[in-house]
1. Count, please, the residues in segment 58-75 that happen to be modelled with pLDDT under 95, outside any helix (DSSP H, G or I) and surrounded by fewer than 21 Cβ atoms within 10 Å (Cβ to Cβ).
2. Restricting to segment 286-311, name every residue that is in contact with a Leu (Cβ under 9 Å, 6 or more places away or on another chain) and outside any helix (DSSP H, G or I).
3. Within segment 196-221, track down each residue that is part of a loop (DSSP other than H, G, I, E, B) and crowded, with 21+ Cβ neighbours inside 10 Å.
4. Just to verify a result, which residue in segment 111-133, among those that are part of a loop (DSSP other than H, G, I, E, B) and at pLDDT 95 or above, is farthest from R92 (Cα to Cα)?
5. If the requirement is being in the same structural domain as G86 (by TED's automatic domain parsing), outside any strand (DSSP E or B), under 23 Å from S51 (Cβ atoms) and in contact with a Phe, Trp or Tyr (Cβ under 8 Å, 6 or more places away or on another chain), which of these qualifies: P140, P154?
6. What number of residues within segment 76-108 are part of a strand (DSSP E or B) and over 12 Å from P55 (Cβ atoms)?
7. Pairs, please: C-beta under 8 Å, at least 6 apart or cross-chain, first residue assigned by TED's automatic domain parsing to the domain that holds G213 and on the phi < 0 side of the Ramachandran plot and in segment 99-127, second among the charged types (D, E, K, R) and part of a helix (DSSP H, G or I)?
8. Is there any pair linking a residue in segment 61-80 that is touching a residue at least 40 places away in the same chain (Cβ under 8 Å) to one that is among the aliphatic types (A, V, I, L, M) and outside any helix (DSSP H, G or I), with Cβ under 6 Å and at least six apart or on different chains, and which?
Amino acid sequence: MPGMSESENRTPPNLNDLPPPPIGKVGWPWTEGTPPAPSDALGGKPWPKISIVTPSYQQGQFLEETIRSVLLQNYPNLEYFVMDGGSADGSRQIIEKYSPWVDQWKSEKDRGQSHAINRGFALATGELWGWLNSDDLYLPGALHAHARLATDNPDAVLYIGASELFRENEPTTLGIGSAEGFIDLVDPYRFTEKFGVQQPAMLWRSSRAREVGPLNEDNHMTMDIEFLLKLLCPDHKVACMKTPTARFRYHANQKTNDYLQVAFAILDTQEAAMAEMGDKLSATSRHEVIRHLKRHRAQLWMRDFLDSGKCRWSSLQKSIRHDWRYFRDLIFRRPV
């Protein structure tokens, strides 16, 4: 279902252009917008075209806030696609309300989140791409900040801002990444330390994304990690900044609520990447990563045993069998 086109010639909407917010909604992005960036912010260079895709299904309670956080970026060269999986919760009506400012949108049955994202990027023509799930949102000035980071780091393919992580009625925490490349993503310990961010705060070069191909539509949990591993392998660079650009929302219905389920899924994805692409690392790095992957799996089995109140003996046995050296170091209180 088409919306507007020729996004590079479109004046970004302001608060007065968009529909009024629901009663009681105030602040960003309801009653506050993003001020325009200085015209010379990129030293006379044009703002790169950015394509954003929002996949959604049954997220009507959050969707409008997400859409407004994209449209009110005041970014002069934005292309925006909303791909809904045929929700029956009022999402379609929300999208229709904002359709004059959306390049294209759909609300029909699809094959899941990865398929919806791929459908959006199949339409995208921007230099930088990103997707924003319908329960997350951008912060004011996010796209300008990413454009500056990309302009200052043309040799990188992935650009990461800081992430505000929040739950309702809880303090917001900040995740700041320091990743530099593939090994920081495939090594489970480097991943924890250096990729301390969430997917909404990432944009990447579309030229590199086209080289590695679309998201794996059979992967419904860690498709972002799998995609990024392909994007960065073997030696493509990452550029990070401390500027917060996105809010990652924790809520009861998201599929990433089970910590151990997610941790095991990420580990499976990292191990699969090593099997497919590990030979591109040096022998020393490859050995270190394989050792860390083995130890991390033993740690996760042990965590499952402890979280069960020491009732899941099968998890303890799996931990010991998988890496007895980890268990030995744990018993003798050595660093693990």
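1. 1
2. K310
3. Passing the criteria: V197, Q198, L215.
4. E127
5. P140
6. Residues in segment 76-108 being part of a strand (DSSP E or B) and over 12 Å from P55 (Cβ atoms): 4 in total.
7. K106/R119; S107/R92; D110/R119
8. Every condition considered, the pairs that remain are E65/L137; T66/L137; S69/L137; V70/I52; L78/I50; Y80/I52; Y80/V102.
The values are calculated or read from the model by the stated rules, or taken from the named source; none is laboratory data. As the structure is a computational prediction, the values presented were derived from the model and not from experiment. Glycine also receives a Cβ, built like all others from the backbone with ideal geometry; neighbour counts cover every protein chain displayed.
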